[in-house]
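Following: one structure in structure tokens, then a few remarks.
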Amino acid sequence: VLVKLADWPDWTHPWQTKRGRFSEHRTGSWSHRVAEAYDLTYDLMTPDERTKIRTAIMERIVGGAHRTYVYNDNITAATSNWLAMVVGGSLMNMTAMYDDGPETENLEPYFTGAMMKFYKFINRVTDSEDGAWGEGFGYANYSFSNMSYSVPSLKNVFNIDVTDPLSGVYNEFIWAGIFKERRWFEFGDSRGNIGNPQNWLYLLDIREEPRLSWYYNYLKNSESYESVLFETEDIPQESAFEENPVKRFRNVGTTVFKSGWEPDDLIFTLRTGPFYNHQHHEQGSFWYADRGEIFILGSRPMSQSTYYDDPLYQPWFTQAVGASTILIDGNHQSQRIGDDRKYAPGFNDHAFIDHFLDGEDTAFSTGDIGRLYWDKVESLQRNVLYLKPGIILMLDTAVSGKADRDVTLLYQTERLEDITAGQDVSTISRGDATLNILHLAPDFIEAKAVNHPHYLHTLQRERPLERSGMLTVTARTDRTEGYPLVIANLFSTTGGEAPDVQTETGNGYV
């Protein structure tokens, strides 16, 4: 097969080649298997076959990756999983072929160029300080499925260890969701179902981290090819369930307020951070679960839509209207894409966590998303006070710019019929539980239960169709008063009865 492939003039789809892209993620993922095939069949080849195959690999895989992603610096911000596939695949082929013939005695500038791009990707897509992966679980897993080939190869052949920035990047997947149900509360295109973790075994083998050892063994549901290659059985385990369930991941912008680790505990996950590849216009969006029910979706699951075929993917699914965030003047596309965290000095127009505090009885976080709303507002923040163990008080504050603005808060939920909108309190009911949203301020708001369109995969796969919906809460800024608009909502889950909350309204306060 390798000999036959060596005769092909191009190993990338012609559509990509015509656009000046001489390798892409499918080619990159496949190239790891080419390196493996070359290594395993080396002794079966004649000297001429070896030369022919090496020459083809250098031109089609190594050269294509270098020309596209190093020389032309495609994916400049370097947070895309494509780099794990394409550049990692190039590096793995170079480790397999190094010094096997005159065409691979000197691998420069290809090796250094690929290493610099690969390590740039690993550093930029990760938050090794708190432990997160910017692209989300689905793309982290996709990247790891290929890095589990390329990273050990670099260490085996050249003694190059690139795993330091990867340390602990699984932590957000443990905290920001219902881990005991293998569910991460996803953002962007990434899916949130956490499957068998065999792709993490190479990292466990190299770093021997007790927390990763526990993560792997807790999630493992079967043995795998990787569990044969990597000996990790004797590495100690350190459970996350002994840790504080409240946590913030500052660099990616995730705040997690949880009352515990059980599936029926309160779980609130808010995202206010910089842009990473495969993300949507959804900064300020949050998930809310309690009593075993998910009441508010940060955004609709990726399983409901598709990149290319869904006519609502661009105008709805990826926009602010498709998330539990904020619209200005009812504009579905209110929010713009923010800057990457490490793109270039001075590129700081992105959301961020401004304050975070965790105490014995309360926790607090401020997520600033105002830089993403063009010049429509001077400031826009989500301030969240967590009264442990079961109350969330959210204060959305807006300072209008040149004119007064309508500010609309969106709360996405599964079914329209679960929503009851009211002037003083709105509810979302699921199963035997009810989320009560008390509208404390301002005095005049408009709450609505709004039908949300179905995305393509839902239309194709689900029978019978049920109307999906979102609760919207709208208030208007007033520049004449000189104060920010404060929209205060208190979240409390009950068994269906009204919550035991008393409010007192005074002069300028509640």
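The values are calculated or read from the model by the stated rules, or taken from the named source; none is laboratory data. A quick note: this is a predicted structure, and the numbers were derived from the prediction, not measured. Note that we place each Cβ from the backbone using ideal geometry, even for glycine, and neighbour counts take in every protein chain shown. For the accessible areas, the whole protein counts, side chains as well, though only heavy atoms, and no ligand, DNA or RNA atoms are used. Shrake-Rupley method; radii C 1.70, N 1.55, O 1.52, S 1.80 Å.
The figures follow:
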| item | result |
| --- | --- |
| Förster radius 30 Å - calculated FRET efficiency between E243 and L385 (Cβ-Cβ, nearest 0.05) | 0.85 |
| Farthest toward positive dipole pole in region 302-357 [+1 Lys/Arg, -1 Asp/Glu at C-beta], among Y313, S334, A344 | A344 |
| Average accessible area per residue (Å²) across the chain - probe 1.4 Å, nucleic acids and ligands excluded | 43 Å² |
| Charge-dipole axis of the chain as Lys and Arg at +1 and Asp and Glu at -1 on Cβ define it, positive-most pick from T112, T505, T269 | T112 |
| Long-range HN-HN contacts of R183 with modeled amide H, under 5 Å | I178, I194 |
| Shape call, region 401-500: gyration tensor on alpha carbons, a/c limit 1.5 | oblate |
| Highest-first arrangement of 171-184, 491-504, where packing means the average Cβ count within 10 Å | 171-184, 491-504 |
| Coil-residue GluC sites (Glu not before Pro) of region 286-381, DSSP, other Cβ within 10 Å capped at 11 | E360 |
| Neighbour cut-off at most 10 other Cβ (10 Å), DSSP loop, chymotrypsin sites (Phe, Trp or Tyr not before Pro), region 298-333 | Y308 |
| Total charge dipole magnitude, the chain, about the Cα centre, Cβ charges on Lys, Arg, Asp, Glu only, Debye to nearest 20 | 1440 debye |
| Dipole axis of region 431-490 (+1 Lys, Arg; -1 Asp, Glu on Cβ), positive-most option in G469, L485, I445 | G469 |
| Highest to lowest packing among 216-226, 21-31, scored as the average C-beta count within 10 Å | 21-31, 216-226 |
| Greater than 18 Å apart at Cα, pairs in K247/K388; K18/K52; K376/K448; K376/K402; K258/K342; K52/K117 | K18/K52; K376/K448; K258/K342; K52/K117 |
| Paramagnetic label zone (point 7 Å from Cα along Cα-to-C-beta, L40; backbone N under 14 Å) in region 1-28 | 1-2 |
| Qualifying chymotrypsin sites (Phe, Trp or Tyr not before Pro) in region 383-466, DSSP loop, other Cβ atoms within 10 Å at most 12 | F444 |
| Reciprocal mean inverse distance between Cα atoms of region 70-145 - Kirkwood radius, Å | 13.3 Å |
| Given charges at beta-carbon only (K, R positive; D, E negative), |dipole| of region 382-510 in Debye | 540 debye |
| Assigned charges on the beta-carbon of Lys, Arg, Asp, Glu; region 194-275 dipole about Cα centre (debye) | 700 debye |
| Förster radius 51 Å - calculated FRET efficiency between T112 and E360 (Cβ-Cβ, nearest 0.05) | 0.45 |
| For R21, residues with placed amide H under 5 Å, excluding near neighbours | none |
| Long-range amide H partners of G284 with built H, under 5 Å | R271, T272, G273 |
| Sulfur and carbon atoms: percent of accessible area, the chain [1.4 Å] | 47 percent |
